[in-house]
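One structure is given here, and the rest of the page talks about it.
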Amino acid sequence: MQTKTTAKPVKATDLHVGGPEDMLPGVPKRDPIVVATNITRTFGGLKAVDVESLQIPRNAITALIGPNGAGKTTLFNLLTGFDKPDTGDWALNGKSLKGVPAFKVARMGQVRTFQLTKALGMMTVMDNMLLGAQNQTGEGFFQAIIPSMWRKQEDDITERALDLLERFKLVKLKDDYAASLSGGQRKLLEMARALMCRPELVMLDEPMAGVNPALTQSLLSHIIDLKSEGMTVLFVEHDMQMVKHIADWVVVMAEGRVVAEGDPKTVMRDQAVIDAYLGSNHGKDLGTDTDTVNTMKELLDDQR
Ligand SMILES: Nc1ncnc2c1ncn2[C@@H]1O[C@H](COP(=O)(O)OP(=O)(O)OP(=O)(O)O)[C@@H](O)[C@H]1O
Ligand SMILES: [Mg+2]
């Protein structure tokens, strides 16, 4: 595991249409898995999301960054059917997801985890995993009357859950209540559970937040593994070192809009990005806002 994380991950390149000068907000991708246009969501008077155009490149790791309150989680909620936008269209593999409820979006291959983990504390680790399984044959009427069919399926699901728990180093805890896990282990469980339905696109909202450094390494290598297995990852992260290390593409949001996108190096030198972090905190005491202070430091270091 250790060797995997210290090695430099192979970056996907040539993801967008055009050259370096075309790395602008909304730039089309050569092979987009998600295409979204004119997505808006207003809360009271506040436009939390106002995204004119966004395409997520397939089989790559895209980081969604931006200061606190930029609209990242709201955009996740909208794209995955956990919330409804005021306007907009978006599609996964060319199939519209407009009005599709969250559980169906997951079945179609797009899953997400939450900024605050939603592992069900009073259920065991194993039961949390089984809950993540989708399209169980036993759910269908005809299959349900042929028990041998669903028994086989149940065995397969259990086997997959055990494999994933093994991979995420949680198998020894399979009979423990999820509530007894550490914050980092819960993040791992959420990610493992999301993989139960064999997704194509995995969306992770701050997967590394509150995770101790030892588990951070393992989470990072799991994210890289998803790409090598052919999946697409979209993740929200405040730590710019991690973004630089694993992201192939970076999308920057500020005040609901996409203000920049491109490869990590280019984006982090972009004045609009630095302005976005500064602008959103204009006149504010950053003393306690560690996310923004650290991001600012890293962005400015990158410019030197
Ligand atoms: N359910 C809600 N009701 C009212 N306002 C909301 C709601 N959800 C989000 N907002 C507001 O929308 C804006 C965007 O919030 P969001 O949580 O999407 O930001 P974020 O980029 O994920 O921030 P963070 O980095 O802190 O997680 C914020 O101003 C927030 O207060
Ligand atoms: Mg958020």
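Every number in this text was worked out from the coordinates using simple rules, so none of it is lab data. Just so it is clear, the structure is predicted and the values come from calculations on it, not from any experiment. Note that each Cβ is placed from the backbone with ideal geometry, even for glycine, and that neighbours are counted across all protein chains shown.
Some notes on this structure:
- Separation in nanometres of the label points that stand 7 Å from Cα toward Cβ, at residue 174 and residue 278: 5.5 nm
- Listed pairs 98/187; 11/118; 265/297 exceeding 26 Å between Cα atoms: 98/187; 11/118
- For residue 174, the aspartates and glutamates whose Cα comes closer than 12 Å to its Cα, not counting residues fewer than 8 places off in the same chain, are 127, 163, 166.
- For the stretch 1-111, the spread of Cα positions along the three principal axes, ordered from largest to smallest, is 47, 34, 31 Å.
- Cross-link partners for residue 95 among the lysines, with Cα-Cα distance under 20 Å and sequence neighbours closer than 8 places in the same chain left out: 29, 84, 104.
- Qualifying aspartates and glutamates (Cα of each under 14 Å from Cα of residue 47; at least 8 residues distant if same chain): 86, 255
- Charge dipole magnitude, Cβ of K and R +1, D and E -1 - the chain, Cα centre, debye nearest 20: 500 debye
- For the chain, the relative contact order comes to 24 percent (Cα pairs under 8 Å, sequence separation of at least 6).
- Extending 7 Å from the Cα toward the beta-carbon at both residue 22 and residue 98 defines two label points whose distance is 2.7 nm.
- Nearest-ten-degree value, helix 290-303 long axis tilted from longest Cα axis of the chain: 60 degrees
- Candidates 254, 133, 63: whichever shows maximal mean-square fluctuation once the chain is modelled as a Gaussian network with Cα springs under 10 Å: 133
- Zone of residue 14's modelled label, taken as backbone nitrogen in the stretch 53-73 under 20 Å from a point 7 Å along Cα→Cβ: 56-62
- Extending 7 Å from the Cα toward the beta-carbon at both residue 87 and residue 228 defines two label points whose distance is 4.5 nm.
- Here the dipole of the stretch 1-91 is about 440 debye; that uses its Cα centre as origin and unit charges on the Cβ of Lys and Arg (positive) and Asp and Glu (negative).
- Tilt relative to the chain, helix 183-194 - C-alpha long axis, 0 to 90 degrees, to 10: 70 degrees
- Projecting the Cα atoms of 75, 254, 221 onto the charge dipole of the chain (Cβ charges, centred on the Cα centre) puts 221 farthest toward the positive pole.
- Equivalent ellipsoid dimensions for the stretch 166-266 as semi-axes, Å, which come from the Cα gyration tensor, largest first: 26, 15, 13
- For the chain, the convex hull drawn through the C-alpha positions has a volume of 149 cubic angstrom per residue.
- Among 190, 237, 166, the largest mean-square fluctuation in a Gaussian network model of the chain, built with springs joining Cα atoms closer than 10 Å, belongs to 166.
- Packing-based order for 49-55, 226-232, using average beta carbon neighbours within 10 Å, highest first: 49-55, 226-232
- Candidates 223, 39, 157: whichever shows maximal mean-square fluctuation once the chain is modelled as a Gaussian network with Cα springs under 10 Å: 157
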